[in-house]
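Asks: Below: one structure in structure tokens.
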Amino acid sequence: MHRRIELIDESDDVTVCGRSSRHLVQINDADPQPAVLAVTDSGDHIIQLGEQRTRVNIQFKGEMAYIRAFGQTFELKIVNPVEQAGQSLKGGSNTARAPMPGVVVDIHVGEGEQILKGQSMMTIESMKILTAIQAPRNGKVGRIHFAPGQPFEKGAALVTLSPPEE
């Protein structure tokens, strides 16, 4: 499982892999570390990362998770993979990338067209689910990389916006 996680106003790519009895957690490009999250008979959550082990209290409110562990409280937001496609346009990149493999169903904008934040640019289908790829900011469509009916792989460039005008 791969997700982008926002923690304390920083964004990290987190990958969890392995069997249920032994997971590895990799954050960004760091070496994978063994991780165990267990629930005791009394209902307590215990987390072990590498050699560190502690009790964990987790509370959810909307998209946010509040986690108390290792003597600190963390605010955590798990970013939906579909939102990741739009968020890839933030932070310098002007390209909306595919959050998962799929096929283009429909294109709602044209190259050179002015668009508004939140406007649907393209509809894709992945695992029989239709998803709208929305504009993360106001701007102009620079390039549409796929036509309706064309398949794409995870991470493929779907729509590129022209750089913002200064």
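The values are calculated or read from the model by the stated rules, or taken from the named source; none is laboratory data. As the structure is a prediction and not an experimental result, all values here were calculated from the model. Don't worry about glycine lacking a Cβ; one is built from the backbone with ideal geometry, like all the others, and counts go over all protein chains shown.
Asks: If I filter the range 41-68 down to residues being over 16 Å from His23 (Cβ atoms) and of a type in the set (Gly, Ala, Ser), which single residue comes out as surrounded by the most Cβ atoms within 10 Å (Cβ to Cβ)?
Replies: Going through the qualifying residues, I end up with Ala65.
Asks: Let me ask another. Just to be sure I understand, how many residues within the range 30-64 are in contact with an Asp or Glu (Cβ under 9 Å, 6 or more places away or on another chain) and either modelled with pLDDT under 75 or basic (Lys, Arg) (or both)?
Replies: 1
Asks: Farther than 15 Å from Val105 by Cα, in a strand (DSSP E or B) and in contact (Cβ under 8 Å) with a residue 40 or more places away in the chain: is that true of Gly142 in this structure?
Replies: So Gly142 fits the description; yes.
Asks: Which of the residues that make up the range 25-40 are surrounded by 14 or more Cβ atoms within 10 Å (Cβ to Cβ) and of a type outside the set (Val, Ile, Thr)?
Replies: Hits for the range 25-40 are Gln26, Pro32, Gln33, Ala35, Leu37.
Asks: Against the definition (modelled with pLDDT of 80 or more and farther than 27 Å from Ile133 by Cα), how does Ser21 come out, yes or no?
Replies: no
Asks: Still on this structure, please answer the following. Scan Thr131, Thr123 and give me the residue that is free of Cβ contacts under 8 Å to residues at least 24 places away in the same chain and either among the polar types (S, T, N, Q) or outside the structural domain of Ala96 (by TED's automatic domain parsing) (or both).
Replies: Checking each option against the conditions leaves just Thr123.
Asks: Quick check on my filter: what residues within the range 49-80 are farther than 30 Å from Met100 by Cα and assigned to a strand (DSSP E or B)?
Replies: Correct list: Gln52, Arg53, Thr54, Arg55, Val56, Asn57, Arg68, Ala69, Gln72, Thr73.
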